[in-house]
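The values are calculated or read from the model by the stated rules, or taken from the named source; none is laboratory data. Small disclaimer: the values here were computed from a predicted structure and weren't measured. Because the Cβ atoms are built from the backbone with ideal geometry, glycine has one as well, and the counts that use them run over all protein chains shown.
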Amino acid sequence: MSTENAVTDGKANDARTDLDAWVREIIEWHFNPDTGCPFWLDWAEKAGWDPRQEVGGFDDLRKFPHFEDEWLRGGPVRRWVPTAYADRPTFVFETGGTTGIPKSRVAQEDFRIDYELFSDTLPEDRFPRGSNWLMLGPSGPRRLRLAVEHLAQHRGGICFCVDLDPRWVIKLIKKGWHEHLKAYQDHVIDQAVTVLSAGHDIKCMFSTPKLLEALANRLEENGSSLKETGIQGIFAGGTEFTPQWNRFAHEELLDGIYMTPTYGNTLMGLAASPPSGPENGYKITYYAPQPRAVIQVVDPDDAEKVVGYGETGRVMLTTLTKEFFVPRFQERDEGEREPPCEQYPWDGVSGVRPFSRLASATTVGVY
Amino acid sequence: MIHFPVLRWGEPYQSLETTEVRHFSTGEPVAEVSQANPGIVARDLRKGSERARDALREIPCADLLEMVKKGGELFKTADLPFGDGVQTPDDFVRQQSATTGLPEHMCRMNMGKLEYVLSHLDEVLTSLTRKLDYDILTRGYGEEDGVMRSYQATCPVLGMVLPSNSPGVHSLWLPIIPLQIGLVLKPGPQEPWTPWRMAQAFFQAGIPKEAIALYPGMGEVGAAVLNNTQRSLIFGGTATVEQYAGNAGVQVHGPGFSKILLGDDVVDNWEQYVDLMVDSVLTNSGRGCINCSGIWASRHTREIAQAVAERIGPIAPLPPENPEAALAAFTVPGQATAISGDIDNALKEDGVEEVSAQFQDGGRLVNQEHCDYIRPTVMHCASPEVAMSKKEYMYPFVTVVECPQDQMIKAIGATLVATGLTEDPAFTRSLLDARNIDRLNIGPVPTIKLNWLQPHEGNIVDFLFRPRAFQRAG
């Protein structure tokens, strides 16, 4: 065993010990009648077993069924608020909702904590403290807009935002109204170009692959470039953030601007990734913000079984915060299991893409 | 393994995303294909489209014509660059057959067809341009017979979203380069072979590399081609046709619903036309939009269905290298089963009978380990009212529909090729006036027999050049 591997293994063991301790604390919190939320307390009563007695570590979470995000549809949303936090100001973030009732997740401080942790992963020279941000992504009742704004504020900056309604975008795609879709994308990019041209000293940005591409192309058509706007650091996310797109962006759009991919959604925090580039084939590997969230890559036919390193499986997420407990949620994504690394001494996932067995039913890359 | 790169204005680009195309019967990988991402398409087209046309305009049309004719020869006979080595014409035939499911002799036939079109391209263009002096297209204006004529190109490049099923459709884009318009090709997932080989043949013949781009990829790459070119051609199903109907920038090539219509004056002699019917249904394994999928007559329809079924019903799958193979395989998993299921559903309606079933022990669907076949299918429809009468599939499938002659033209719906078997002047007049018929043959011309000097689903020259007024002060 090399010295480097020994260090990583040691850190991985420590991380696992920390995770097991954190699991015990979170289970105690969510299933204690004085602190837990009505949903999980009711669930335990019906299940007929006390997780506080039976869960001693992460592996014991398999005693829970897979979390179903359908449980998040409809009210009363207060059933998800932990009793101990009932008096705190509460946000609700939504996913879905193009048709029917969206799924709702309550949050109080989680999104701030998650993005502050993510902030620690950003290189200071590329995301200078005190500089302003552009949030070029979905607005409305979503976590992302507030979270990016908080990230900017946490780093001493001010965040400029655009209006972007992804539910309308999905409707345009489903109706086949391609001209309207293009016009709406132009409308979003118009807003971004206007903000960037207004002398606000914006140096950092969140965007999605599609919007970043559209912005770069528009700026070039206008005789400018992303670099000329003063942008120095970009974080972006989405399953369209493939190694090929990563390479294309670095070689043809960014002109030296730093960009880091992220993977996340309303149910979890934000998974970051170590730097990637030509030296590793622009491979993108995400690591969850353990112990607050854990990503596993499992056999699609048997979620009890974690696949081997390098093997393909379905992404399974466990969220473990005092605001929200999500055991063993099977994501709509798949990827390859990756080993721990120095920076993140726990399992990661690479090649994240829509789960192939569900892909045809999912509209991806809407913004 | 052979690798197909993306061609970015002639320059190979190896993507980090690749797909494998596999042999339809063995499942073995045949080639690895680089997948473009939509951003590359958008970026290249924004930066290189005008350059593509400029490069072509530096070469007179007549010289370009000679080059593509030479390209046609090379396409058919030469060893051409491919992967790390070369591809012989025989390699091409085997490889194209392996991934498309078409029998090898059909691939060879399509290869010959493309070479034929290229070797006669001067005549084709003379016809499509109505003998216009090419210099007028290059310069944008010029006098002919003392009259000032001006034509403006509607686009610097033509985008094409190509299918996998029928290599013969590539003939549609062969006249583009001599018109000094660049080519942007998005090949079908199972048929990257023809666009690649033709591009290499053109390059060897002297066509500037910056005039041709090739972007393998999935649907979003096709969408990027359509969204970033002012003029494009797309091949697809009925849904694609409906999606782009009314879009003046997109010429859609969908299902043909091509038909043979027997007039009352000749229908009692229907037996004379059975060979014509069989050829029209069966050639190229029924994959083309010009293959006949409907035979309409006012009487004798049961006898016609029986006679055609006797000829094509017994045909069974044969290995692709067998020169007698008449059926192409379905290489997309589940496609044949879905089609056969759709047919079963339509059969539940009264007035529909599967006449070919009597010749097919074990049924029409033949499932194999890595691919499927559907055996030639002949349906009798007692009236045009039944849903089956409007069906068309990508294999030798034909409905024989009983319909009075005076209701026929209205009832057939959109029809790419109609062969009207009649000598009745009134019916002939009605067929000539029918706006739901594109290509019209009067008399015993198989639907699959094309006259290359005539436009196909619109004149490509009219699509690419608009006539306009131009005056220049003397």
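Name the one entry in B:207, B:234, B:181, B:212 that is among the hydrophobic types (A, V, I, L, M, F, W, C), within 14 Å of chain A (Cβ to nearest Cβ) and buried (at least 24 other Cβ atoms within 10 Å of the Cβ).
Working: B:207 fails: within 14 Å of chain A (Cβ to nearest Cβ); B:181 fails: within 14 Å of chain A (Cβ to nearest Cβ); B:212 fails: within 14 Å of chain A (Cβ to nearest Cβ).
Going through B:207, B:234, B:181, B:212 in turn, the sole match is B:234.
With A:321, A:285 as the choices, which residue is under 19 Å from residue A:72 (Cβ atoms), among the hydroxyl-bearing types (Ser, Thr, Tyr) and crowded, with 19+ Cβ neighbours inside 10 Å?
Numbers: A:285 fails: under 19 Å from residue A:72 (Cβ atoms).
Among A:321, A:285, only A:321 is under 19 Å from residue A:72 (Cβ atoms), among the hydroxyl-bearing types (Ser, Thr, Tyr) and crowded, with 19+ Cβ neighbours inside 10 Å.
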Turns out the helices (runs of 4 or more DSSP H) fully within the stretch A:165-256 with at least 1 residues that are over 30 Å from residue A:280 (Cβ atoms) are A:166-175, A:178-196, A:209-221
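With A:160, A:93, A:111, A:127 as the choices, which residue is in contact with a Ser or Thr (Cβ under 7 Å, 6 or more places away or on another chain) and not charged (D, E, K, R)? First the steps, then the outcome.
Working: A:160 fails: in contact with a Ser or Thr (Cβ under 7 Å, 6 or more places away or on another chain); A:111 fails: in contact with a Ser or Thr (Cβ under 7 Å, 6 or more places away or on another chain); A:127 fails: in contact with a Ser or Thr (Cβ under 7 Å, 6 or more places away or on another chain).
Among A:160, A:93, A:111, A:127, only A:93 is in contact with a Ser or Thr (Cβ under 7 Å, 6 or more places away or on another chain) and not charged (D, E, K, R).
Only one residue in A:212, A:253, A:267 is touching a residue at least 60 places away in the same chain (Cβ under 8 Å), within 20 Å of residue A:191 (Cα to Cα) and surrounded by 16 or more Cβ atoms within 10 Å (Cβ to Cβ). Which one? I'd like the intermediate steps shown before the answer.
Details: A:253 fails: touching a residue at least 60 places away in the same chain (Cβ under 8 Å); A:267 fails: within 20 Å of residue A:191 (Cα to Cα).
After applying the criteria, what remains is A:212.
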Which condition from (1) touching a residue at least 24 places away in the same chain (Cβ under 8 Å); (2) crowded, with 16+ Cβ neighbours inside 10 Å is the one that residue B:368 breaks? (2)
Against the definition (away from chain B (no Cβ under 14 Å) and surrounded by 17 or more Cβ atoms within 10 Å (Cβ to Cβ)), how does residue A:291 come out, yes or no? yes
Restricting to the stretch A:87-124, give me the number of residues that are over 24 Å from residue A:168 (Cβ atoms), of a type in the set (Asp, Glu) and touching a residue at least 40 places away in the same chain (Cβ under 8 Å). 3
Among (1) more than 14 Å from every other protein chain (Cβ to nearest Cβ); (2) without any contact (Cβ under 8 Å) to a residue 12 or more places away in the chain; (3) more than 24 Å from residue B:368 (Cβ to Cβ), where does residue B:28 come up short? (3)
Look through B:184, B:169, B:124 and report the one residue that is in the same structural domain as residue B:230 (by TED's automatic domain parsing), among the β-branched types (Val, Ile, Thr) and part of a strand (DSSP E or B). B:184
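Counting only residues that are without any contact (Cβ under 8 Å) to a residue 40 or more places away in the chain and over 26 Å from the mean Cα position of the chain (by Cα), which one in the stretch B:2-17 is farthest from the other protein chains (Cβ to nearest Cβ)? Give the steps one after another, and end with the answer.
Taking the stretch B:2-17 as the starting set, the residues that turn out to be without any contact (Cβ under 8 Å) to a residue 40 or more places away in the chain are B:5, B:12-17.
Applying the additional criterion that residues be over 26 Å from the mean Cα position of the chain (by Cα) yields B:12-17.
On the way: B:12: 15, B:13: 10, B:14: 10, B:15: 5, B:16: 4, B:17: 4 Å.
Top of the filtered list is B:12.
Just for the stretch A:79-112: of the residues that are among the basic types (Lys, Arg) and modelled with pLDDT of 95 or more, which one is farthest from residue A:28 (Cα to Cα)? Let's see the steps before the verdict.
Step one: list which residues in the stretch A:79-112 are among the basic types (Lys, Arg), which gives A:79, A:88, A:103, A:105, A:112.
After this cut, where a residue has to be modelled with pLDDT of 95 or more as well, the list is A:79, A:88, A:112.
Details: A:79: 18, A:88: 20, A:112: 23 Å.
Among those residues, the one meeting the criterion is A:112.
Those residues that are polar (S, T, N, Q) and either in a helix (DSSP H, G or I) or surrounded by 13 or more Cβ atoms within 10 Å (Cβ to Cβ) (or both), I need them from the stretch B:443-474; list them, please. If you could, list the steps in order and put the result at the bottom.
Just the residues of the stretch B:443-474 that are polar (S, T, N, Q), to begin with: B:447, B:451, B:454, B:459, B:471.
Hits for the stretch B:443-474 are B:447, B:459.
Here are A:253, A:172: which of them is touching a helix residue (DSSP H, G or I) at 6+ places or on another chain (Cβ under 7 Å), more than 23 Å from residue A:149 (Cα to Cα) and within 12 Å of chain B (Cβ to nearest Cβ)? It would help to see each step written out before you state the result.
Values: A:172 fails: within 12 Å of chain B (Cβ to nearest Cβ).
Exactly one residue qualifies, and that residue is A:253.
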Assuming residue A:35 fulfils every condition listed in (1) surrounded by fewer than 17 Cβ atoms within 10 Å (Cβ to Cβ); (2) part of a helix (DSSP H, G or I); (3) among the β-branched types (Val, Ile, Thr); (4) touching a helix residue (DSSP H, G or I) at 6+ places or on another chain (Cβ under 7 Å) apart from one, which condition is it? (2)
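Would it be correct to say that residue A:67 is assigned to a helix (DSSP H, G or I) and of a type in the set (A, V, I, L, M, F, W, C)? Break it down into steps so the answer makes sense when it comes.
On the way: assigned to a helix (DSSP H, G or I): no; of a type in the set (A, V, I, L, M, F, W, C): yes.
No.
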Please give the number of the condition residue B:266 fails out of (1) of a type outside the set (S, T, N, Q); (2) buried (at least 21 other Cβ atoms within 10 Å of the Cβ); (3) closer than 19 Å to residue B:302 by Cβ. (2)
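Any idea which residue in the stretch B:215-230 is surrounded by the fewest Cβ atoms within 10 Å (Cβ to Cβ), counting only those that are more than 12 Å from residue B:45 (Cα to Cα) and touching a residue at least 40 places away in the same chain (Cβ under 8 Å)? Explain how you work it out, then say what you get.
Our first condition is that a residue be more than 12 Å from residue B:45 (Cα to Cα); within the stretch B:215-230, this holds for B:216-223.
Then keep just the ones that are touching a residue at least 40 places away in the same chain (Cβ under 8 Å); that gives B:216-218, B:220-223.
Numbers: B:216: 25, B:217: 25, B:218: 14, B:220: 16, B:221: 21, B:222: 25, B:223: 17.
Across the stretch B:215-230, the extreme among qualifying residues is B:218.
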In the stretch B:288-317, which residue that is among the hydrophobic types (A, V, I, L, M, F, W, C) and closer than 23 Å to residue B:113 by Cα is nearest to the chain's Cα centre (by Cα)? B:289
With respect to residue B:51, is the statement that it is within 14 Å of chain A (Cβ to nearest Cβ), in a helix (DSSP H, G or I) and surrounded by fewer than 18 Cβ atoms within 10 Å (Cβ to Cβ) true? no
Among B:134, B:141, which is the only one that is over 26 Å from the mean Cα position of the chain (by Cα) and buried (at least 19 other Cβ atoms within 10 Å of the Cβ)? B:134
So which of A:336, A:304, A:311 ends up being modelled with pLDDT under 95 and surrounded by fewer than 22 Cβ atoms within 10 Å (Cβ to Cβ)? A:304
Neighbours by Cβ (under 7 Å, 6+ apart or cross-chain): first from the stretch B:319-343, surrounded by 12 or more Cβ atoms within 10 Å (Cβ to Cβ); second outside any loop (DSSP other than H, G, I, E, B) and among the aromatic types (Phe, Trp, Tyr): B:327/B:373; B:329/B:373; B:330/B:373; B:336/B:330; B:336/B:373
Inspect all residues belonging to the stretch A:279-288 and state whether any of them is away from every other protein chain (no Cβ under 12 Å) and of a type in the set (Asp, Glu). yes
Could you check the stretch B:158-196 and list, in sequence order, the residues that are among the aromatic types (Phe, Trp, Tyr) and closer than 21 Å to residue B:129 by Cα? B:173
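Return yes or no: is residue A:224 surrounded by fewer than 24 Cβ atoms within 10 Å (Cβ to Cβ), free of Cβ contacts under 8 Å to residues at least 40 places away in the same chain and within 14 Å of another protein chain (Cβ to nearest Cβ)?
Values: surrounded by fewer than 24 Cβ atoms within 10 Å (Cβ to Cβ): yes; free of Cβ contacts under 8 Å to residues at least 40 places away in the same chain: yes; within 14 Å of another protein chain (Cβ to nearest Cβ): no.
Here the answer is no, as residue A:224 does not meet what is asked.
Quick one: which of A:160, A:127, A:118, A:111 is assigned to a loop (DSSP other than H, G, I, E, B) and either buried (at least 19 other Cβ atoms within 10 Å of the Cβ) or in contact with a Phe, Trp or Tyr (Cβ under 6 Å, 6 or more places away or on another chain) (or both)? If you could, list the steps in order and put the result at the bottom.
Numbers: A:160 fails: assigned to a loop (DSSP other than H, G, I, E, B); A:118 fails: assigned to a loop (DSSP other than H, G, I, E, B); A:111 fails: assigned to a loop (DSSP other than H, G, I, E, B).
Selected residue: A:127, the only one of A:160, A:127, A:118, A:111 that is assigned to a loop (DSSP other than H, G, I, E, B) and either buried (at least 19 other Cβ atoms within 10 Å of the Cβ) or in contact with a Phe, Trp or Tyr (Cβ under 6 Å, 6 or more places away or on another chain) (or both).
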Failed condition for residue B:302, given (1) within 30 Å of residue B:317 (Cβ to Cβ); (2) crowded, with 18+ Cβ neighbours inside 10 Å; (3) touching a residue at least 60 places away in the same chain (Cβ under 8 Å), with all others met? (2)
